[in-house]
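Have a look at the structure below before the remarks.
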Amino acid sequence: MTRHPKKKEKENPASNNPNSKDVPPELPQSNQKEGVKIKNPLDKLFWLRVGMGLLAGSLAAFLGLSMEESSRPFLGFGIAIILFIISYGIAKAMRIPIPSSDKKKLIMTGIGSYFFMFLFSWILVNTLIHPEVGLQVIR
């Protein structure tokens, strides 16, 4: 096991002063009060996409009831894609101040959570609608 020499810390001019007491370094001042958060518009977009993912999964499950089983996946993923495009339109309408180099953030913010919530709610709602499928005896 090799040991590396310790790095020398920069000397603080206040530490040379014998009259100074142990005073913690100054913390950077912030505009926010304790406990008060300023909401980031990208956070709002993230939570909008999470909610729309839940909506898309539930909608796909309920609309898939009247269709035959082979076309349900096409309907479900079609609804997911259409609602994601609608959420992109809403994000554009929110006029989130993003530099032109980061325009990809409007698409990528919350995309993973959107599709995971879509799949979760689609599976959950289908399971709740069709409880008899899981009660069959397997031989």
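The values are calculated or read from the model by the stated rules, or taken from the named source; none is laboratory data. Keep in mind that this is a model prediction, so the values were computed, not measured. Ideal geometry is used to build each Cβ from the backbone, glycine not excepted, and the neighbour counts take in all protein chains shown.
Contact map, region 75-103: residues that are closer than 18 Å to residue 42 by Cβ paired with residues that are polar (S, T, N, Q), Cβ distance under 8 Å, separation 6+ or inter-chain. Pairs shown: 91/109. Of all residues in region 112-134, those satisfying the criterion of being surrounded by fewer than 16 Cβ atoms within 10 Å (Cβ to Cβ) and within 14 Å of residue 51 (Cβ to Cβ) are 113, 116, 120.
Is it fair to say residue 121 is on the phi < 0 side of the Ramachandran plot and in contact (Cβ under 8 Å) with a residue 60 or more places away in the chain? Yes: the conditions hold for residue 121. Looking at residue 23, is it at pLDDT below 85 and of a type in the set (Val, Ile, Thr)? The answer is yes for residue 23.
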